[in-house]
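> Got a structure for you, written out below as structure tokens; questions coming shortly.
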Amino acid sequence: MVSDIRVRFAPSPTGYLHVGGARTALYNWLFARHAGGLMILRIEDTDVDRSKPELTTAILESLEWLGLKWDEGPIYQSERLDRYRAMALNLERAGRAYPCFCTPAELQTKRAKAESERRPWKYDGTCRALTEADRERLRAEGKLAAVRFRVPDSGVTTFEDIVFGHIEVDHRDLEDFVLLRSDGHPTYHLGVVADDLDLRITHVIRGADHISNTPKQILMYQALEAPTPIFAHLPLILGPDKQRLSKRHGATSVGAYREQGVLPEALVNFLALLGWTPRGQKEIVAIEEMIRSFDLAAVSKSNAVFDLEKLAWMNSEYLRSLPVERLLPLVKQELSGAGLAMGFKDGEQTEEKLRQTVFLLQSRARTLKDFPGAFRAFFTDDFAFDPEAVKKYWKDAAVAILLDELAGRMAATEPFDLAGTERTLRTLAEEKGVKAGVLINAARVALTGQGVAPGLFDVMLVLGRNRVVSRLRQAADRLRSSEGHGLSQGN
RNA sequence: GGCGCUAUCGUCUAGGGGUUAGGACGUCAGAUUCUCAAUCUGAAAACCCGGGUUCGAUUCCCGGUAGCGCUACCA
């Protein structure tokens, strides 16, 4: 399906891609895909002081990682300065804008004074009625001028927002805002309108923090005698304290979640559900299904708290349902990133063994980081023993003897498979008069260093007989050597 | 302060003039089991307040309150 719908995502490179920005990008993308339209990427780098080129690269990477491919761009505002100046000049010639010689310092003073007197402040129009002669004189004095838009004295501007509905603002509440700074750089308002016009954007989908800006921009479209795009504002994403999500709430950038081992599909699914519910009761929704049912009119009007717990749950759902073939390369990346290369160095861990290991572990992984982290013992012999697990499962003095005996019998178990290893262990337990669970738990700690792991016999198969036997023996040694000096006390 | 917007379980939300107000995450309890995860069963948990309209409002209208946003020569 092809349509002439054109939307854009326009981040400014003053920070990494924020999850709020990511959701805006996602909704734009879903809307375009749903309607058969195009998404244009634009970089709003007109703030020379705060914009950093390397951040643009990072933003692009994050978008790609999320799978939100844009159709045109990126277009850089910093390369279109002439266009903005020309537009400001046009507006000036048409009497819809005027040069303003007030300095930021002067304005700041007036603003502060008004505030201290608890008077509402908006630009007082000092330069509004300047004559051409006044302007010549000021320019001759070397004064720099910004260009301000002349807001009509009366009337109201209204628009129908796809998500928020009817919005109305009285012109008396709007000030003559700056279009072009005195250094010749455009402000946000000028850049957005000029670009959205030139790029023939049909739908402006952006954060609700821009609702108040919209009437100003509509006024500009009207002054330019240009058609106004359709607007759709998205509720904001909040932290747990209901304050706008920021660094102090922890990770806010897409890149940070990537580094924490979150899958892009999970983050996308989670973000999609923050403010929008696809038809049906399912929470795990495939991207194709989202595209099919996406509807801006169904987007919520209220802000949403970013719930890390739910993201974690969703990530584990995606991790679990990922085909091993697709999970395997991701795990390998994590392992080598953690210096664990591709599993055991002795070559015992073949590709197939690695696959089985990952398959065994994937149902209990919360993030990709669990593989080099909590599951470390499955990939290297250099792992630590959890003191809590040791305390809980190795407290019986007979454990050392049992583990030694178990090692011996495992060495002789034929076949070394699920049924064989289990039979061996249960037989030993019965002979020694201990509950199988005691032996199983003690062995689990010996093999993984943890009190928590997959089923013991699955673990044994994945580790392989040699490794099982040696780890059981080492554990027995460790226990004997520490007897009487504190290991059993957990320190 | 001014202006704008919003308001259903702790969180994300469905719903809508008459419902036992539904689902999901989380929480708690139980089942299962070698631990954990998963799974299954069950439980606690919400319509911000006040007026109006109406036979009947959580739903529609108004007001209040609260929260958020904007109030820059940031975006």
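The values are calculated or read from the model by the stated rules, or taken from the named source; none is laboratory data. On a predicted model such as this, the values are computed, not experimentally measured, just so you know. Positions of Cβ are backbone-derived with ideal geometry, glycine not excepted, and every protein chain shown enters the neighbour counts.
> Restrict the check to the range A:456-463 and report whether at least one residue is more than 12 Å from RNA strand B (Cβ to nearest atom) and closer than 16 Å to A:Lys353 by Cα. Give the derivation first.
First, the residues of the range A:456-463 that are more than 12 Å from RNA strand B (Cβ to nearest atom): A:462-463.
Add one more test, that the residue is closer than 16 Å to A:Lys353 by Cα, and what stays is A:462-463.
Yes.
> If you don't mind, there's one more thing I want to ask. Those residues that are small (Gly, Ala, Ser) and either near RNA strand B (Cβ under 9 Å from one of its atoms) or within 17 Å of the chain's Cα centre (by Cα) (or both), I need them from the range A:288-315; list them, please. Let's see the steps before the verdict.
Initial filter on the range A:288-315 (small (Gly, Ala, Ser)): A:293, A:297-298, A:300, A:302, A:304, A:312.
Passing the criteria: A:Ala298, A:Ser300, A:Ser302, A:Ala304, A:Ala312.
> Okay, moving on. For a quick check of your reading of the model, give me the residue pairs whose first member lies in the range A:114-131 and is assigned by TED's automatic domain parsing to the domain that holds A:Pro152, whose second is part of a helix (DSSP H, G or I) and modelled with pLDDT under 90, with beta-carbon atoms closer than 7 Å and at least 6 apart or on different chains.
The qualifying pairs are A:Trp121/A:Ala114; A:Trp121/A:Glu115.
> Do you know which residues across the range A:221-258 are assigned by TED's automatic domain parsing to the domain that holds A:Ser62 and acidic (Asp, Glu)?
If the condition is that a residue be assigned by TED's automatic domain parsing to the domain that holds A:Ser62 and acidic (Asp, Glu), then A:Asp241 is the only one that fits.
> Against the conditions (1) among the hydroxyl-bearing types (Ser, Thr, Tyr); (2) outside the structural domain of A:His18 (by TED's automatic domain parsing); (3) near RNA strand B (Cβ under 9 Å from one of its atoms), where does A:Thr277 fall short? Just the number, please.
(2)
> Let me ask you something else. Would you mention how many residues in the range A:243-276 are surrounded by fewer than 16 Cβ atoms within 10 Å (Cβ to Cβ), within 25 Å of A:Ala232 (Cβ to Cβ) and touching a helix residue (DSSP H, G or I) at 6+ places or on another chain (Cβ under 9 Å)?
2
> Let me ask you something else. Would you please name the residue that is farthest from A:Asp173 (Cα to Cα), looking only at residues in the range A:219-239 that are under 16 Å from the mean Cα position of the chain (by Cα) and surrounded by fewer than 18 Cβ atoms within 10 Å (Cβ to Cβ)? Step through it out loud before you land on a result.
At the first step, the residues of the range A:219-239 found to be under 16 Å from the mean Cα position of the chain (by Cα) are A:236-239.
When the remaining residues are screened for being surrounded by fewer than 18 Cβ atoms within 10 Å (Cβ to Cβ), the result is A:236, A:239.
Numbers: A:Leu236: 23, A:Gly239: 30 Å.
Residue satisfying both the conditions and the ranking: A:Gly239.
> Scan the range A:245-259 and give yes if some residue there is among the hydrophobic types (A, V, I, L, M, F, W, C) and within 15 Å of RNA strand B (Cβ to nearest atom), otherwise no.
Our first condition is that a residue be among the hydrophobic types (A, V, I, L, M, F, W, C); within the range A:245-259, this holds for A:245, A:251, A:254, A:256.
Of the ones still in play, those that are also within 15 Å of RNA strand B (Cβ to nearest atom) are A:245.
For the range A:245-259, residues among the hydrophobic types (A, V, I, L, M, F, W, C) and within 15 Å of RNA strand B (Cβ to nearest atom): present.
> Taking A:Lys122 as meeting all but one of (1) within 12 Å of RNA strand B (Cβ to nearest atom); (2) touching a Leu at 6+ places or on another chain (Cβ under 7 Å), write down the number of the exception.
Of (1) within 12 Å of RNA strand B (Cβ to nearest atom); (2) touching a Leu at 6+ places or on another chain (Cβ under 7 Å), only one is false for A:Lys122: (2).
> In the range A:10-26, what residues are farther than 21 Å from A:Lys247 by Cβ and touching a strand residue (DSSP E or B) at 6+ places or on another chain (Cβ under 6 Å)? So that I can check it myself, show each step before the final result.
Pass one, the range A:10-26, residues farther than 21 Å from A:Lys247 by Cβ: A:10, A:26.
A:Ala10 - this is the single residue of the range A:10-26 that is farther than 21 Å from A:Lys247 by Cβ and touching a strand residue (DSSP E or B) at 6+ places or on another chain (Cβ under 6 Å).
> For the subset of the range A:24-57 comprising residues that are touching a residue at least 60 places away in the same chain (Cβ under 8 Å) and in contact with a Pro (Cβ under 8 Å, 6 or more places away or on another chain), which member is farthest from RNA strand B (Cβ to nearest atom)?
A:Arg42
> From A:Pro215, A:Pro227, A:Pro240, which residue is in a loop (DSSP other than H, G, I, E, B) and within 14 Å of RNA strand B (Cβ to nearest atom)? Write out each step before concluding.
Values: A:Pro215 fails: in a loop (DSSP other than H, G, I, E, B); A:Pro227 fails: within 14 Å of RNA strand B (Cβ to nearest atom).
Answer to the selection: A:Pro240.
> Restricting to the range A:38-55, and then to whatever is farther than 10 Å from A:Tyr76 by Cα and crowded, with 18+ Cβ neighbours inside 10 Å, can you tell me which residue is modelled with the lowest pLDDT? Even if it seems obvious, please write down each step before you answer.
In the first step, residues of the range A:38-55 are kept if they are farther than 10 Å from A:Tyr76 by Cα; the result is A:38-40, A:47-55.
Then drop every residue that is not crowded, with 18+ Cβ neighbours inside 10 Å, which leaves A:38-40, A:51, A:55.
Numbers: A:Leu38: 97, A:Met39: 98, A:Ile40: 98, A:Ser51: 88, A:Leu55: 95.
By that ranking, first place goes to A:Ser51.
> Hand me the list of helices (runs of 4 or more DSSP H) wholly inside the range A:386-491 holding 1 or more residues that are touching an Asp or Glu at 6+ places or on another chain (Cβ under 8 Å). Before you say what the answer is, go through the steps one by one.
Numbers: elements: A:387-393, A:399-412, A:418-432, A:436-448, A:456-463, A:465-482.
Of the helices (runs of 4 or more DSSP H) lying wholly inside the range A:386-491, those with at least 1 residues that are touching an Asp or Glu at 6+ places or on another chain (Cβ under 8 Å) span A:399-412, A:418-432, A:436-448, A:456-463, A:465-482.
> Given the conditions (1) over 30 Å from A:Ala97 (Cβ atoms); (2) in contact with a Ser or Thr (Cβ under 6 Å, 6 or more places away or on another chain), report the number of the one that A:Gly191 does not fulfil.
Tallying (1) over 30 Å from A:Ala97 (Cβ atoms); (2) in contact with a Ser or Thr (Cβ under 6 Å, 6 or more places away or on another chain), A:Gly191 fails exactly one: (1).
> So if I check each of A:Val285, A:Val268, which one is within 16 Å of RNA strand B (Cβ to nearest atom) and under 15 Å from the mean Cα position of the chain (by Cα)?
On the way: A:Val285 fails: under 15 Å from the mean Cα position of the chain (by Cα).
Testing whether each residue is within 16 Å of RNA strand B (Cβ to nearest atom) and under 15 Å from the mean Cα position of the chain (by Cα) leaves just A:Val268.
> Could I ask something else about it? Is it the case that the range A:142-159 has a residue that's away from RNA strand B (no atom under 14 Å from the Cβ) and in contact with a strand residue (DSSP E or B) (Cβ under 7 Å, 6 or more places away or on another chain)?
Yes, because at least one residue in the range A:142-159 is away from RNA strand B (no atom under 14 Å from the Cβ) and in contact with a strand residue (DSSP E or B) (Cβ under 7 Å, 6 or more places away or on another chain).
> Also: Do any residues in the range A:172-196 that are in contact (Cβ under 8 Å) with a residue 12 or more places away in the chain and farther than 25 Å from A:Val7 by Cβ have Cβ atoms under 6 Å from those of residues that are more than 7 Å from RNA strand B (Cβ to nearest atom) and part of a helix (DSSP H, G or I), where the two are at least six apart or on different chains, and which pairs are they?
A:Leu180/A:Ala88
> If I filter the range A:427-442 for residues that are more than 10 Å from RNA strand B (Cβ to nearest atom) and touching a residue at least 60 places away in the same chain (Cβ under 8 Å), do I get at least one hit?
no
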